[in-house]
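Report on one structure; see the data block that follows.
The values are calculated or read from the model by the stated rules, or taken from the named source; none is laboratory data. All figures in this text were calculated on a predicted structure; none of them were measured in a lab. Every residue, glycine as well, gets a Cβ built from its backbone with ideal geometry; the counts of neighbours run over all protein chains shown. Quick note on the areas: whole protein, heavy atoms, side chains included, nothing else; ligands and nucleic acids left out. Shrake-Rupley method; radii C 1.70, N 1.55, O 1.52, S 1.80 Å.
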Amino acid sequence: MTKSIARTALTRRGFLKTAAAGMAGAGLSGLTLTGCAATTPGAEDTSGDTLAYTYHNEHCLCNCMFQCTVRDGKLVKIQPRPNEDHRYQNVCLKGISEIQNIYGEARIQQPMKRVGERGSGEFEAISWDEAFQMCADAFKACDETYGEGHIWMQFSTEAQQRFAPLLPSLVKAQTGIPPLNGYDMGQGNGQNQAFAWSGMFAQNTIWEWPMARTVLMVNCNVVETGMMWSRGMLDAQEAGTKIIVVDPRFSPTAAKADEWVPLTAGTDPALFMGMIHHILENDLYDREHVIAHTALPHLIDAATGTTVGTSREVQDPETGETSTVVDPYVWDAKSNTFKPYNQEGVEPELEGTFKVNGVECVTQFTKLKNDYAGYTLEWAEGITGTPAAQIAQVAEEYAKGPSIICNGVGGIDKFQASDIAGHCYALIASLTGNYGKRGTGLGIYCYHTSLYEAALGGWPLPEEYHVTAPMGFYDVVQKSDDVHAAMFFGDIPTQKAANWAKTEEWLNSLDFVALADIYKSSVMDYVDLVLPVCSKLECPDSVGGVKNANGYILQNQKVLDPLFESKSDFYIERGIAEAMGLGDLMPKDGEEYARAILTSDDPQIAGFTLEKLTEANGALKLLGSEDELGPEVGFEYHTPTGKQEPYYENMLKWGQAFPMWEEPNETYADNPLREKYPLQFGQARTRFRVHSAYSGAGWIQDLYEPHIELNPVDAAERGLSDGDQVEAFNDRGSFTTKLRVNNAIRPGSAFMAESTYRQYMDGTMMQNVTNDQLSERGYDLIFGPMIPYNDTLIEIKKVGA
Amino acid sequence: MTKLAIAIDLHRCLGCNTCSLACKMQNNIPDGMLWNRVLTENCDIFDGAEGTYPNLSRTYRPVACQHCTNAACKRVCPTGATYRDEMGRIEIDYDKCIGCRMCMAACPFNARTFNWNEPVRSTGFSYGDARVPERHKGVMEKCTLCKERTDEGEEPMCVHCCPGDARIFGDLDDPDSRISQLRRSSTAHVLLEEKGTQPQVFYFN
């Protein structure tokens, strides 16, 4: 690792020597170009340049569109693609770093098969023909030995970017597809029911934030993880919107906020419960809204919590299955008796205990008040460590509204109680009238920036060829014994399951494991066959893909031919399919696939063709998408009663009809394990990587190297100094890295930018220590259980101590 | 006259370092060198914070050549290699640079970087703007305010690429320009004002 060249302080006099670096441009001869001649104005000699337009990683959450300059067969410049709408004219350091990264030493350059033991890292180069045949033979052998359906195949968004995979269907693989991710969707698990939406992406966009008085950002670090949308946050601030950030760490986003609310990691639900208690106690809820637009006046059995009302049978229009729905009663103030909630002229009581046909009933609202009686500000302070006065003040500002809750997919999402946090957001929004009207809402905003999305075509396969998705990868590792061969595009095993020792044990149980990836990721040493994928800037065809993002159809134009001996993921799939005798079922090339994707009846893309995309330099705005705000979300929902329903009757068996406090699985305050492992270990994304991607990018390594951070108090207690090489450990395992001391870290916790390659951490991995205990409640939720990566206790010591 | 400069909105600066790499790319800056750095003010660690948890603050401070009106580097250059041009930019005539590094010592902003060895690029080739001249061993280099772009009326690459829209480029000698208006704002300030170099690059909140 080169010494950081970026951190030299303003007045320090360290004359920095040029770092020695090897040349990594071998194998670049014979490249051909497509695209148009450069037309850059001015004196630059652009006569030998060509320009091509493409899109970058979707996984950065920004979907930047690039203008790439190629000179003498080399990629020499990446700039934002010019766009009339400045919001979508973007590039960041990761995009620019591709100038060096795609040629860098971290690239996998040729197909290789393992010659040593798994884990030894000993490989020999082989031909593509041999590699394809190895895969084909292994998959056929798996089918012959165990029957069909025992291959696991999964794609990461870094190694697979352009065309929807077809190979998993052709080999009839099991695959990991959303919603069974095990991460990112925990808060969505708790939000979805109240308003009958996915629970993930807000139903309005960040461009509505200037209409809000307050935006409460929870588990969202947009300044690093959705960098381009920071503009939306900053513009809203300039328009007068108050930004409040809730985060244990003084994150880059917290530093930009008008107010930062620090709290103990994993206690977000308690913060919201304290806020809700304060709102209830002080009549800060929006009574008119609650009665008119929520189910909170509806009657439930005081003893069981089940809805009291009239039953009717309904038939699912898709499946034809019938089920019983109870239309709830309310207590009508005018007639002083129970009435159907939707009867004309009814005046529901919001609170009270009533008798309905001899059954003692309460309103949902009364149950809420009873359930939340103990969630006082003082209780919340005790759990979260956030001062009661600040919890009260934030609750008051939020309740005043219009307010928005913007959640990301980190932080609490990596705890078992993430659904409870999401449920809290839905409850507090319903109580305070902060859902439905302009300037209100909740969900993910810093990714989903357009309401417009077109239905695209695809490549049909015969019906017999399809995947199965019985479980998420986390469960395959822990529970499945019917997978015997696996192929990963990208470093899935080190990213999508915690507790590496178990993952490694599972990998070693397989007959065959193949990896297709761009860079030498952590999982490489554990597989039998390694296949080099090219970057998104390389393609053998004129077009590598088309996709819909940010309200545009984007074209992945060829910038370079594939470097080294790499192939695009599409041609790797095709090569394996051909070796299995199934090649004819796939498109013959990228252009044919791209044209199939653009074949759609959606009027938003009427007339869109590859030729028109090329004429438009790789991006066409969806037709009819001019109104960026779209209609108000409004007050009609597809919930059973059509109202906001923050009471989840189906979660009664888990004690979570209203969101109720649940201690973290491992990092709870009184865990005896804390005597050995006192530090909560949190991971989150940084601007310097996208998960593990860019770990090997030389220009970014100059700016940032892997390290763990501790508050100075915790470092001093352990006799550790800034820059020490340390070991972080618990009973699951350990990893080694450099220590940096940082005031921004909450005392009692350790922080690390998530995921890097093991070669940059002395052969160790962060997943060696992470918690893999899944919550059983998660299986009753739409997106399944979440992996509690950040609900992990560790201790840190100096290496060798 | 023209006095080109950059203003940096510290609140809109995300600390992302896109400016650093945009500059590196545009100007064909070799391995191990940057003309533009992003510091976390008063912290040894990037993304550090001033204060004691939870009473914290953080300021990202992008620093490159400040294109000073009274440039210390220019005063000490024995060969006239460092000069102030007609657009108000401090530039280096690489052919005249003898590598004495007097300018490097004089610059209070640590903004200059020296080619101790023949430049190495791990790409194996030169990148960026074809108009940017080559620099060799023994030559000083630094931010030129993207001379090759700004000569042609384009904005510097760091401004062009800034994700936070934190950087404003313009002519301080035009009193109606946005940058001149910002220069008159109450939070506008320069680095190390006490050194008397009169930086043209300035910061505001």
Residues of the range A:672-798: accessible area per residue with a 1.4 Å probe, Å²: 30 Å²
Where A meets B: accessible area buried, both sides, 1.4 Å probe, Å²: 6100 Å²
R0 of 22 Å, Cβ-Cβ distance A:ASP670-A:ASN370: FRET efficiency to nearest 0.05: 0.25
Nonlocal amide H pairs with A:PHE123, under 5 Å, H built at 1.01 Å: A:VAL115
Spatially proximal lysines relative to A:LYS367 (Cα-Cα < 25 Å; intrachain offsets below 8 disregarded): A:LYS334, A:LYS339, A:LYS355, A:LYS400, A:LYS643, A:LYS653
Longest segment of chain B lacking GluC sites (Glu not before Pro) that sit in a DSSP loop with at most 16 other Cβ atoms within 10 Å: B:153-205
For the range B:49-65, residues shielded by at least 30 square angstrom of accessible area compared with the chain on its own, probe 1.4 Å: B:ALA49, B:TYR53, B:PRO54, B:LEU56, B:ARG58, B:TYR60
Relative contact order (%) - criterion: Cα under 8 Å, at least six apart; region: chain A: 20 percent
Rel. contact order, % - alpha carbon contacts under 8 angstrom, at least six apart, the range A:672-798: 36 percent
Average Cα contact separation per residue, the range A:276-434, under 8 Å, 6 or more apart, as relative contact order %: 26 percent
DSSP beta bridges in the range A:672-798 [antiparallel fraction, %, rounded to 5]: 65 percent
Alpha-carbon centroids, the range A:451-467 and the range B:151-172: separation in whole Å: 43 Å
A:GLN759 paired with A:THR157, simple spin-label distance in nm, labels 7 Å along Cα-to-beta-carbon: 2.6 nm
Alpha carbon centroid spacing (whole Å) that separates the range A:326-400 from the range A:273-298: 6 Å
Charge context of B:TYR203, other residues only, Cβ under 9 angstrom, K/R +1, D/E -1: 0
Rh (Kirkwood; distinct C-alpha pairs) - chain A, Å: 28.2 Å
Net +/- balance of residues flanking A:ARG114 in space, Cβ distance below 9 Å, scoring K and R +1, D and E -1: -3
Lysines with Cα under 21 Å of B:LYS74, excluding same-chain neighbours fewer than 8 positions away: B:LYS3, B:LYS96, B:LYS137, B:LYS142, B:LYS147, B:LYS195
Share of carbon and sulfur in the accessible heavy-atom surface of the protein assembly as shown [1.4 Å probe, %]: 48 percent
Antiparallel bridges, percent of DSSP beta bridges restricted to the protein assembly as shown (to nearest 5): 65 percent
Magnitude of the charge dipole, the protein assembly as shown, Cβ model with Lys/Arg +1 and Asp/Glu -1, debye to 20: 3820 debye
Low-density loop positions, GluC sites (Glu not before Pro), the range A:413-516 - DSSP coil, at most 10 other Cβ in 10 Å: A:GLU463, A:GLU464
Low-density loop positions, GluC sites (Glu not before Pro), the range A:315-391 - DSSP coil, at most 16 other Cβ in 10 Å: A:GLU318, A:GLU321, A:GLU344, A:GLU351
Computed FRET value (nearest 0.05) for A:ASP129 with A:ASP481, which takes r as the C-beta separation and R₀ as 30 Å: 0.35
